[in-house]
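Asks: Can you keep this structure in mind? I'll have questions shortly.
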Amino acid sequence: MLITFIKPTLGRLADGAPFVDAARMEPLQLAVLAGLTPAGVEVRLLDDRVDVIDYDEPTDLVAITVESFTARRAYEIAAEFRARRVPVVMGGMHATLIPAEVAEHADSVFTGDAETCWAQVVADAHDGRLRPRYDAPVGPPQPGGTLPRRDLLAGKGYLPLTLLQFGRGCRYRCEFCAVGQYFGHHQYTRPPDEVVAEIRAQSRRNLFFVDDNLIADPEAAKALLRALVPLRIRWVSQASVDQVRDPELMRLFVDSGCLGNVIGFESLDPDNLRQMHKAANLAAPGPAAAFDRYAGAVASLREHGLQTWAAFALGYDHDTPESILETCEWAIDQRFTFAAFNVLMPYPGTPLYARLQAEGRLLYDGRWWLHPDYRFNGAAFRPARMTPDQLTEATWACRRRWSSAASIVRRAFDRRTNMASLSRFALYCAYNPLYRREAWKRQGLRLGLR
């Protein structure tokens, strides 16, 4: 039996050429799925971002991971295989949040995490009795120390860092976040010794923990970091800004080799933060005056020499075009290493989607991820204080300003972070131009290839 795992691409450029992601990272979820596949079953991995899919090449089962932004392309791929009578199973966050839609394009839909039920799917497919639906619980990643099939990732031009996971999920209840809905506002973590064993089983020293919020359980995070200290690795992850309130945690970040984290600052407006239920970002309950616009947090991050990838969700109800541009200037003033200025997206299954739907504010018939007129990084709803086009343009203006040569040069000169060492400065200089090029390529991208 041969199973083909597929990671779909986003779509195509304005001229119709397929989008090739030069900043692509390993599809860890498919490597883990391959590692969970029973012995004796052949597997191959096709990454649509770089591989050409030969639909006529024999295979017994196709497994496609589906995200909202790749759903249109995933359905195109599935249609080709199903036309050739090859069964297709789809899973992932999009499939779990709206399985009824995904079921229209697949022979089988898998909801939840693969660890407990994937072997059953394989057995059923082998016996020709694949069920239309498999519902699995969510839980800790890779129980028992299952290792990803990293051999399947070789030669595909991924960024030179190893992806792995300590935990899944997050305890916070941010209105816009699909992760919270998927995992029931809970974090599930692995034993630190299993993570250490996985690190030792591969050769790289530069790692990216793809956890949704590494510190959602601070004590579990500390146990992991203590286990990482002897390994002398360099790593990054994603973590909420409230990390700065725990001095021991900040010290362990440094001691364990953390270069910095992706941090969701999201907004500088406390009214926006309250509306999005971003509890971790508000320093204290009470009036807006209690919010210091992250001054203390940024100072602590710089004091510990942590390079920061700041993420912002633009378009909440108190945003205006002027406040969005001000957010970009603030980020430049902080000399963050990287930043992502994202149009607020109403992902299906989230409280944000439900609220905007009830208010009649969704665009593209409420299914932007499939609509032929939607373009990447465009507004998919009617903002409260500007038009959708104004939101799209203000966000794109932030990306252009952030990625300008003047901004890159200005932000470089921070001796506590970006110039703290030759290796950190080299990282800054290598990736800022890369992300600049990718930002220009992605803007206005059409989803799907047809």
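The values are calculated or read from the model by the stated rules, or taken from the named source; none is laboratory data. As the structure is a prediction and not an experimental result, all values here were calculated from the model. Note that each Cβ is placed from the backbone with ideal geometry, even for glycine, and that neighbours are counted across all protein chains shown.
Asks: Check the range 49-57 and report whether any residue there is outside the structural domain of LEU164 (by TED's automatic domain parsing) and either within 20 Å of the chain's Cα centre (by Cα) or assigned to a helix (DSSP H, G or I) (or both).
Replies: There is at least one residue in the range 49-57 that is outside the structural domain of LEU164 (by TED's automatic domain parsing) and either within 20 Å of the chain's Cα centre (by Cα) or assigned to a helix (DSSP H, G or I) (or both).
Asks: Here's something else I'd like to know. If I ask for residues that are out of contact with any Phe, Trp or Tyr (no Cβ under 7 Å at 6 or more places or on another chain) and either β-branched (Val, Ile, Thr) or not in a helix (DSSP H, G or I) (or both), which ones from the range 221-239 would you list?
Replies: Answer for the range 221-239, where residues must be out of contact with any Phe, Trp or Tyr (no Cβ under 7 Å at 6 or more places or on another chain) and either β-branched (Val, Ile, Thr) or not in a helix (DSSP H, G or I) (or both): VAL229, ARG232, ILE233, ARG234, GLN238, ALA239.
Asks: Which residue out of LEU391, LEU344, LEU362, LEU325 is more than 23 Å from ARG437 (Cα to Cα) and not charged (D, E, K, R)? Full working, then the answer.
Replies: Details: LEU391 fails: more than 23 Å from ARG437 (Cα to Cα); LEU344 fails: more than 23 Å from ARG437 (Cα to Cα); LEU325 fails: more than 23 Å from ARG437 (Cα to Cα).
Checking each option against the conditions leaves just LEU362.
Asks: Tally time: how many residues in the range 22-43 are part of a loop (DSSP other than H, G, I, E, B) and surrounded by 17 or more Cβ atoms within 10 Å (Cβ to Cβ)?
Replies: Keep residues of the range 22-43 that are part of a loop (DSSP other than H, G, I, E, B), which gives 22-27, 37-41.
Still in the running and surrounded by 17 or more Cβ atoms within 10 Å (Cβ to Cβ): 24, 26-27, 37, 41.
Total satisfying the criteria: 5.
Asks: Checking the conditions here, which among GLY305, GLY360 is surrounded by 16 or more Cβ atoms within 10 Å (Cβ to Cβ) and on the phi > 0 side of the Ramachandran plot?
Replies: Working: GLY360 fails: surrounded by 16 or more Cβ atoms within 10 Å (Cβ to Cβ).
Just one listed residue meets the conditions, GLY305.
Asks: If we scan the range 197-214, do we find a residue that is crowded, with 18+ Cβ neighbours inside 10 Å and either in the same structural domain as VAL86 (by TED's automatic domain parsing) or in contact with a Pro (Cβ under 7 Å, 6 or more places away or on another chain) (or both)?
Replies: Among the residues of the range 197-214, not one is crowded, with 18+ Cβ neighbours inside 10 Å and either in the same structural domain as VAL86 (by TED's automatic domain parsing) or in contact with a Pro (Cβ under 7 Å, 6 or more places away or on another chain) (or both), which makes the answer no.
Asks: Which residues, counting only those in the range 1-57, are free of Cβ contacts under 8 Å to residues at least 60 places away in the same chain and among the polar types (S, T, N, Q)?
Replies: Once the filter is applied, which keeps residues that are free of Cβ contacts under 8 Å to residues at least 60 places away in the same chain and among the polar types (S, T, N, Q), the range 1-57 yields only THR4.
Asks: Also, I was wondering about something else. Taking the conditions exactly as written (more than 26 Å from SER237 (Cα to Cα) and either buried (at least 20 other Cβ atoms within 10 Å of the Cβ) or not assigned by TED's automatic domain parsing to the domain that holds GLY112 (or both)), does LEU61 satisfy them or not? It would help to see each step written out before you state the result.
Replies: Numbers: more than 26 Å from SER237 (Cα to Cα): yes; either buried (at least 20 other Cβ atoms within 10 Å of the Cβ) or not assigned by TED's automatic domain parsing to the domain that holds GLY112 (or both): yes.
Here the answer is yes, as LEU61 does meet what is asked.
Asks: For the range 226-243, which positions are without any contact (Cβ under 8 Å) to a residue 60 or more places away in the chain, farther than 13 Å from PHE166 by Cβ and buried (at least 19 other Cβ atoms within 10 Å of the Cβ)?
Replies: Residues satisfying the conditions are VAL241, ASP242, GLN243.
Asks: Mind listing whichever residues of the range 2-23 are under 17 Å from LEU152 (Cβ atoms) and touching a Leu at 6+ places or on another chain (Cβ under 7 Å)? Explain how you work it out, then say what you get.
Replies: As a first pass, look at the range 2-23 and keep what is under 17 Å from LEU152 (Cβ atoms): 2-8.
Scanning the range 2-23 gives ILE3, THR4, PHE5, ILE6, LYS7.
Asks: Take the residues in the range 354-370 that are touching a Phe, Trp or Tyr at 6+ places or on another chain (Cβ under 6 Å) and of a type in the set (Phe, Trp, Tyr); name whichever of them is nearest to CYS174 (Cα to Cα).
Replies: TRP368
Asks: Another one. May I ask you to say which residue of ALA123, ALA71, ALA95, ALA79 is under 26 Å from ALA178 (Cβ atoms), out of contact with any helix residue (DSSP H, G or I) (no Cβ under 9 Å at 6 or more places or on another chain) and assigned by TED's automatic domain parsing to the domain that holds PHE19? Before the answer, list the steps.
Replies: Values: ALA123 fails: under 26 Å from ALA178 (Cβ atoms); ALA71 fails: out of contact with any helix residue (DSSP H, G or I) (no Cβ under 9 Å at 6 or more places or on another chain); ALA95 fails: out of contact with any helix residue (DSSP H, G or I) (no Cβ under 9 Å at 6 or more places or on another chain).
That would be ALA79, the only listed residue that is under 26 Å from ALA178 (Cβ atoms), out of contact with any helix residue (DSSP H, G or I) (no Cβ under 9 Å at 6 or more places or on another chain) and assigned by TED's automatic domain parsing to the domain that holds PHE19.
Asks: Search the range 244-268 for residues that are in contact (Cβ under 8 Å) with a residue 40 or more places away in the chain and assigned by TED's automatic domain parsing to the domain that holds ASN213 and pair each with any residue that is among the aromatic types (Phe, Trp, Tyr) and part of a helix (DSSP H, G or I) when their beta-carbon atoms are under 7 Å apart and the residues are at least 6 apart or on different chains.
Replies: The qualifying pairs are LEU268/TRP330.
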